[in-house]
Amino acid sequence: ETGVTQSPTHLIKTRGQQVTLRCSSQSGHNTVSWYQQALGQGPQFIFQYYREEENGRGNFPPRFSGLQFPNYSSELNVNALELDDSALYLCASSVGERTGGSEAFFGQGTRLTVV
Amino acid sequence: GDSVTQMEGPVTLSEEAFLTINCTYTATGYPSLFWYVQYPGEGLQLLLKATKADDKGSNKGFEATYRKETTSFHLEKGSVQVSDSAVYFCALRDGGATNKLIFGTGTLLAVQP
């Protein structure tokens, strides 16, 4: 059983550029959530995908978008990068749309630096 | 909206000392509560969880009890080790339409030999 893997691990982009981050969910998991963790802060929920559809979104602008593929892997896209987008981006996979106390498994994260 | 408040760090302890990290929450429903741990350069790992009032979650010597009357979920360990040095996050899931987790700001624990 493979865990949650994210790529790339580190990325440097220039303000105004676009970026795509990738996540492979744990085997058997059909739900992927994305979080942004600024330095010294707790993770903030960006959005969740369940069976290829977005089914929940946090307080992030539309320039943050995503996709989930038939194999349940996922992408996070950020357009028009701003300096404040610099953060660790975490992907978490789980089973089911609403699973109460079930466990979300996190990847190692992608460290994005915007200069 | 729902929120989680953790004690600020860093918390610095000597090996074998007793650990308490305070966590309180605000939620309109009946959330599930979690403690996650983040080691340097890594993602989050679930440490323990509790899904209803008076439940006690435990793992690797850590414990936390879901206290509805005080809206708290304090993390405790009787004897910390150097290897416990990490950032600890308290979180809740509100049982709504998604699996969204709401995290506290994290507490850095540094254990000295």
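I need the strands (runs of 3 or more DSSP E) fully contained in region A:46-115, keeping only those with at least 3 residues that are modelled with pLDDT of 95 or more. Spell out the reasoning first.
Numbers: elements: A:53-57, A:64-68, A:74-78, A:87-94, A:110-114.
Result: A:64-68, A:74-78, A:87-94, A:110-114.
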A:Leu67 vs (1) within 14 Å of another protein chain (Cβ to nearest Cβ); (2) among the aliphatic types (A, V, I, L, M); (3) in contact with an Asp or Glu (Cβ under 9 Å, 6 or more places away or on another chain); (4) closer than 16 Å to A:Thr20 by Cβ: all pass except (1)
Note on region B:30-54: residues surrounded by 14 or more Cβ atoms within 10 Å (Cβ to Cβ), at the interface with chain A (Cβ under 9 Å from one of its Cβ atoms) and over 22 Å from B:Gly9 (Cα atoms) are B:Ser32, B:Ala50, B:Thr51
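Looking for something crowded, with 17+ Cβ neighbours inside 10 Å and closer than 21 Å to B:Pro40 by Cα - is there at least one such residue anywhere in region A:2-18? First the steps, then the outcome.
Taking region A:2-18 and keeping what is crowded, with 17+ Cβ neighbours inside 10 Å, we get A:4, A:6.
Next, from what is left, pick out any that are closer than 21 Å to B:Pro40 by Cα: A:4, A:6.
Scanning region A:2-18, I find at least one residue that is crowded, with 17+ Cβ neighbours inside 10 Å and closer than 21 Å to B:Pro40 by Cα, so the answer is yes.
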Among strands (runs of 3 or more DSSP E) entirely inside region B:1-107, those with 2 or more residues being out of contact with any His (no Cβ under 8 Å at 6 or more places or on another chain) are B:3-6, B:11-14, B:23-26, B:32-38, B:44-50, B:56-59, B:62-65, B:75-77, B:86-93, B:101-103
Practice prompt. Kindly indicate whether any position in region A:21-36 is within 30 Å of B:Met7 (Cβ to Cβ), buried (at least 19 other Cβ atoms within 10 Å of the Cβ) and not hydroxyl-bearing (Ser, Thr, Tyr).
Written response: yes
Selection from region B:55-76 of residues within 14 Å of another protein chain (Cβ to nearest Cβ) and of a type outside the set (Lys, Arg) yields B:Asp55, B:Gly57, B:Asn59, B:Ala64, B:Tyr66, B:Phe73
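Give me the residue from region B:1-22 that is more than 14 Å from the chain's Cα centre (by Cα) and hydroxyl-bearing (Ser, Thr, Tyr) and, out of that set, surrounded by the fewest Cβ atoms within 10 Å (Cβ to Cβ).
Going through region B:1-22, the residues more than 14 Å from the chain's Cα centre (by Cα) turn out to be B:1-2, B:10, B:12-18.
Now restrict to residues that are hydroxyl-bearing (Ser, Thr, Tyr): B:12, B:14.
Details: B:Thr12: 12, B:Ser14: 10.
Among those residues, the one meeting the criterion is B:Ser14.
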Of (1) within 18 Å of B:Cys90 (Cα to Cα); (2) free of Cβ contacts under 8 Å to residues at least 24 places away in the same chain; (3) not aromatic (Phe, Trp, Tyr), A:Gly56 fails just (1)
key: Residue check for B:Tyr25: more than 28 Å from A:Ser25 (Cα to Cα) and buried (at least 20 other Cβ atoms within 10 Å of the Cβ)   = yes
Report task. Looking only at region B:3-20, decide whether some residue is out of contact with any helix residue (DSSP H, G or I) (no Cβ under 9 Å at 6 or more places or on another chain), closer than 21 Å to A:Trp34 by Cα and at the interface with chain A (Cβ under 9 Å from one of its Cβ atoms). Result -> yes
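The values are calculated or read from the model by the stated rules, or taken from the named source; none is laboratory data. Everything numeric in this text was worked out from a predicted model, so none of it was measured. Don't worry about glycine lacking a Cβ; one is built from the backbone with ideal geometry, like all the others, and counts go over all protein chains shown.
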